[in-house]
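The values are calculated or read from the model by the stated rules, or taken from the named source; none is laboratory data. Worth saying up front: this structure is predicted, and the values here are computed from it rather than measured. In this analysis, Cβ positions are derived from the backbone assuming ideal geometry, glycine residues included, and neighbour counts consider all displayed protein chains.
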Amino acid sequence: MTTPVASPSADRAPAQEGIAHRAGFWRRWPRRLSLSGLVGVVLVAFWLLVAFVGPLFAPHGVGAIVADDSFAPMSGQFPLGSDYLGRDVLSRILYGARYTIGLALAAALLASTAGTALGLFATVSGRWIDESLSRLLDAVTCIPSKVFALVMVAGFGSSVPLLIFTAALSYLPGAYRIARSLAVNLNVMEYVEVARARGEGRVYIACYELLPNMIHPMLADFGLRFVFVVLLLSGLSFLGLGVQPPAADLGSLVRENISGLPDGSPAVMMPALAIATLTIGVNLVIDSLPGRARRLTRGALR
Amino acid sequence: MAVLIARRIGIAVLTLLLVSAAVFSITSILPGDAAQAALGQSATPEMVAALRAQMGLDQPAYLRYLHWLGGLLTGNPGQSLANNTPVADLISMRLPKSLLLAGTAAAVSVPVALTIGILTAMYRGSRLDRLLSLATLGMIAVPEFLVATVAVLIFAVKLHWLSALSYVPETPGIGPFVRAYAMPVLTLSFVIIAQMARMTRAAVVDQLSQPYVEMAILKGASPARIVLRHALPNAAGPIVNAVALSLSYLLGGAIIVETIFNYPGIASLMVDAVTNRDMPLLQACAMIFCCAYLILVLLADVFAIVSSPKLRRR
């Protein structure tokens, strides 16, 4: 605030505009929610609730063998049947969802924050840094995420921190690319030029001028990253290379009960359906968002 | 144009080098070592050291990397540790099978996806569009193993049309081929059809909002003519890009599908390599996947250059 022309109120105007826009968004969005969007919100809320408090409602212990026969059908006693050892499938899912959702939240958060930070950094830094960062992350993109995960697991062995790191690294370039393109477009806007002319530093411009105005699409992108990570990690667990026993996420549950498939056992179908309802729910929510954020799901590639 | 294409190829080769360095360092950073693994726990340190020297493991990492890279380029990526056969033999046995599976899935999914994408773009906003858009949105988010299990449940368990989860060795003829490939191809196509259709729709809708389309509407051209004659040729670049990117997804999808259906392709070979910690085999498989991805992206880039008059004239 060294320049005399910039009054404090003018100084804050863009950020305030962003906040006002956001507040209006949160008021308007629920009213305009379509039926599919509502279904999405309900599904996502349900699964978040399950991840936090689900195990409290589990009728049986996660490892307790309670049924007399394996792959029992659905019944009053075991609402989703029993698994290959005679454990209660509902309880296993309630515990497993916590792993799936917790790991995915952590990895997606890491990918989105790091991607946004790097995108902002590339935008406000010189052309040279921008170019080399983009090239480097392009190279990461060209290793398909599942192949990259297999290589990482083979190299370092499967563990929870490694899974989070691997998933975050696989989906970081996508978040970076979107953050960078948003930031580059904002960077040439007049109010950013004004801030620069005022003598604001790069960090200020990135954090107070650019970030508030791109937070929306980045939140939607975070949802998308979350879906990708859920699918990647449950796929890995399904191959037996993800979450290791005795811990089990939803993908592991499908794997361990796959021998019940020829009998059409609910122990196989239910965990798989659980993953699908979670990921479809998130996609429906993103799709119900207005404007730019919504467009993300159109070209989305997992 | 030639310069542009040459530059793209140069970038692709450079990226591939970077990727090979990454794959090699990830898989050889930990000292868990092939010589120890081959000899087992009872081996004396001297024996392990001798084998290490014989296998070249006592050399510095960059030398081993160069040696490995040279091997890859000359078609000799080393010996598989698990069954002591050349990696090249294992891969040349499995690769054609994977290509057949991926090719069949592509042949099924591309026409279906383009039809859905163009139809929904033509009738955008209609009930058909909303229904199909919701359906594809859901399809993108479904894990492959759910598609596979539902397919097995319906076609093998309930209808008894196909055999469950087991790959039948081929006998010549159309019938056995369909029976063996129906479920893997269906599962693989499921997700990429959805992705491709959504991206195609976006590309065509993008063109339909251009001034020249408005001109065509004012001229009185029929909706079909506007889409097929005016918009589609201009959307060709983005559509090919969408197809290439979606097909690259086949690579990842194949890992789950080949495993679940016991299909003897390159992806299930790679999963086995991870479980056995068979690094030479794993490295070679990973490089094949990355190569395939880069080739697809490169083809899309080249097509975009060739199909765009602005870039072509440069």
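With respect to A:Ala114, is the statement that it is away from chain B (no Cβ under 14 Å), within 26 Å of B:Phe24 (Cα to Cα) and touching a Leu at 6+ places or on another chain (Cβ under 9 Å) true? Here the answer is yes, as A:Ala114 does meet what is asked.
When restricted to residues that are over 13 Å from the mean Cα position of the chain (by Cα) and either β-branched (Val, Ile, Thr) or surrounded by fewer than 22 Cβ atoms within 10 Å (Cβ to Cβ) (or both), segment A:214-240 contains 4. Taking residues in segment B:198-224 that are more than 30 Å from A:Asp287 (Cα to Cα), and partners anywhere that are among the aliphatic types (A, V, I, L, M), the pairs with Cβ atoms closer than 6 Å and at least 6 places apart or on different chains are B:Ala216/B:Ile226. Checked against (1) farther than 13 Å from B:Ala113 by Cα; (2) crowded, with 24+ Cβ neighbours inside 10 Å, B:Lys219 meets all criteria but (2). Residue-level analysis places B:Ala202 outside the set of residues that are within 11 Å of chain A (Cβ to nearest Cβ), part of a helix (DSSP H, G or I), surrounded by 22 or more Cβ atoms within 10 Å (Cβ to Cβ) and modelled with pLDDT of 80 or more. The single residue among A:Ser170, A:Ser159 that is more than 11 Å from every other protein chain (Cβ to nearest Cβ) and within 27 Å of A:Pro246 (Cβ to Cβ) turns out to be A:Ser159. Residue count for segment A:274-290, restricted to those that are at the interface with chain B (Cβ under 7 Å from one of its Cβ atoms) and either modelled with pLDDT of 90 or more or closer than 15 Å to B:Val147 by Cβ (or both): 4. Can you pull out the residues in segment B:277-290 that are at the interface with another protein chain (Cβ under 9 Å from one of its Cβ atoms) and of a type outside the set (Phe, Trp, Tyr)? Selection gives B:Arg277, B:Asp278, B:Met279, B:Leu282, B:Gln283, B:Cys285, B:Ala286, B:Cys290.
Exactly one residue out of B:Asn241, B:Asn234 is away from chain A (no Cβ under 13 Å), at pLDDT 80 or above and either on the phi < 0 side of the Ramachandran plot or not in a helix (DSSP H, G or I) (or both): that is B:Asn234.
In segment A:240-249, is there at least one residue being in a helix (DSSP H, G or I) and either within 14 Å of chain B (Cβ to nearest Cβ) or without any contact (Cβ under 8 Å) to a residue 60 or more places away in the chain (or both)? No: segment A:240-249 contains no residue that is in a helix (DSSP H, G or I) and either within 14 Å of chain B (Cβ to nearest Cβ) or without any contact (Cβ under 8 Å) to a residue 60 or more places away in the chain (or both). Over 18 Å from B:Arg124 (Cβ atoms) and at pLDDT 80 or above, is that true of B:Ala164? Answer is no for this residue.
Does segment A:203-212 contain at least one residue that is surrounded by fewer than 20 Cβ atoms within 10 Å (Cβ to Cβ) and among the charged types (D, E, K, R)? Within segment A:203-212, none of the residues are surrounded by fewer than 20 Cβ atoms within 10 Å (Cβ to Cβ) and among the charged types (D, E, K, R). Return yes when A:Gly260 is at pLDDT below 85 and under 19 Å from the mean Cα position of the chain (by Cα) and no when it is not. Against the criterion (at pLDDT below 85 and under 19 Å from the mean Cα position of the chain (by Cα)), A:Gly260 does not qualify. Scanning segment A:133-190 for residues that are in contact with a Gly (Cβ under 9 Å, 6 or more places away or on another chain) and of a type in the set (Asp, Glu) yields no hits at all. With respect to A:Val254, is the statement that it is of a type in the set (Val, Ile, Thr), under 24 Å from the mean Cα position of the chain (by Cα) and closer than 16 Å to B:Ile260 by Cα true? Yes; evaluated as a whole, the condition is true for this residue.
Scanning segment B:105-120 for residues that are small (Gly, Ala, Ser) and away from chain A (no Cβ under 11 Å) yields B:Ala105, B:Ala106, B:Ala107, B:Ser109, B:Ala113.
Among residues that are closer than 18 Å to A:Gly126 by Cβ and surrounded by 19 or more Cβ atoms within 10 Å (Cβ to Cβ), A:Ala183 is included.
Of all residues in segment A:250-266, those satisfying the criterion of being more than 8 Å from every other protein chain (Cβ to nearest Cβ), closer than 12 Å to A:Gly96 by Cβ and not basic (Lys, Arg) are A:Leu250, A:Ser252, A:Leu253, A:Glu256, A:Asn257. Residues that are under 30 Å from B:Ile256 (Cβ atoms) and touching a residue at least 40 places away in the same chain (Cβ under 8 Å) were ranked within segment A:119-149; the one that is farthest from the chain's Cα centre (by Cα) is A:Leu137.
In segment B:61-96, the residue that is surrounded by the fewest Cβ atoms within 10 Å (Cβ to Cβ) out of those that are in a helix (DSSP H, G or I) and among the β-branched types (Val, Ile, Thr) is B:Ile91.
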